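Enquirer: Please find one structure pasted underneath; my questions will follow.
The values are calculated or read from the model by the stated rules, or taken from the named source; none is laboratory data. Just so you know, these numbers come straight off a predicted model, no measurement behind them. Cβ sites come from the backbone with ideal geometry, for glycine too, and all protein chains shown count toward neighbours.
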Amino acid sequence: MALSNNPFSIQMRVIHRYLGFFLAGVMAMYAISGIIMIFRQTNFLKHEVISEKQIEPNLSQSELEPILKMPVRNPKTENGIIQFDKNTYDPKTGLVILKKMELPYIIDKMERLHKATTKSPLYYFNIFFGLSLLFFVISAFWMYTPKMPIFKKGIYFTIGGIILTLIMLFV
């Protein structure tokens, strides 16, 4: 049966179904990365990565920040070595030891996709995915005819979901 010969509600149901199947993996990835991102200010699932970098010796704090591409907050000098956060800089040798907490590779990739901005070519995908989710919201109302009892129950659940959303927004 061709899609163009079906009523509009049948077309919406078919598109909803196949787009849902097509995006099942992506929706799972966004769900997982969204849950993990709740813990982004903790060390949940992270491991420490230590790297060494050789830079010029005898740099000042203002010269050090752009080279390291990070702020040098509350530097303390101990035995001639400058310590800031968990990092160290030896002004005599120019050796920098950087300690950083990182997510496992695949989870880091998922999180980067989830947070993609216009500076990433992936933001087009995020726009497509967001529009697809919006389509799911709208097309859900074509799953059943308004005369069916399940549709009326669905409207009550929709109202409940809208109220929950408003509570979450303003709490």
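Enquirer: How many of the residues in region 61-86 are in contact with a helix residue (DSSP H, G or I) (Cβ under 9 Å, 6 or more places away or on another chain) and either at pLDDT 95 or above or β-branched (Val, Ile, Thr) (or both)?
Expert: Here the count works out to 2.
Enquirer: Name every residue in region 28-42 that is touching a residue at least 40 places away in the same chain (Cβ under 8 Å) and assigned to a helix (DSSP H, G or I), in order of residue number.
Expert: Within region 28-42, Met29, Tyr30, Ile32, Ser33, Gly34, Ile36, Met37 meet the criteria.
Enquirer: Which pairs have Cβ atoms under 6 Å, sit 6 or more apart or on different chains, and link a residue in region 135-151 that is without any contact (Cβ under 8 Å) to a residue 40 or more places away in the chain to one that is loosely packed, with under 11 Cβ neighbours inside 10 Å?
Expert: Tyr144/Ile150
Enquirer: Which residue out of Lys109, Lys119, Lys147, Lys99 is basic (Lys, Arg) and farther than 30 Å from Ile50 by Cβ?
Expert: Exactly one residue qualifies, and that residue is Lys147.
Enquirer: Taking Ile67 as meeting all but one of (1) loosely packed, with under 10 Cβ neighbours inside 10 Å; (2) more than 30 Å from Leu133 (Cα to Cα), write down the number of the exception.
Expert: All conditions are met except number (1).
Enquirer: Specify which of the listed residues (Phe22, Phe8) is loosely packed, with under 12 Cβ neighbours inside 10 Å, under 23 Å from Ala140 (Cβ atoms), assigned by TED's automatic domain parsing to the domain that holds Met143 and in contact with a Phe, Trp or Tyr (Cβ under 9 Å, 6 or more places away or on another chain).
Expert: It is Phe8.
Enquirer: Out of region 143-159, which residues are over 27 Å from the mean Cα position of the chain (by Cα) and either aromatic (Phe, Trp, Tyr) or in a helix (DSSP H, G or I) (or both)?
Expert: Once the filter is applied, which keeps residues that are over 27 Å from the mean Cα position of the chain (by Cα) and either aromatic (Phe, Trp, Tyr) or in a helix (DSSP H, G or I) (or both), region 143-159 yields Tyr144, Pro149, Ile150, Phe151, Lys152, Lys153, Gly154, Ile155, Tyr156, Phe157, Ile159.
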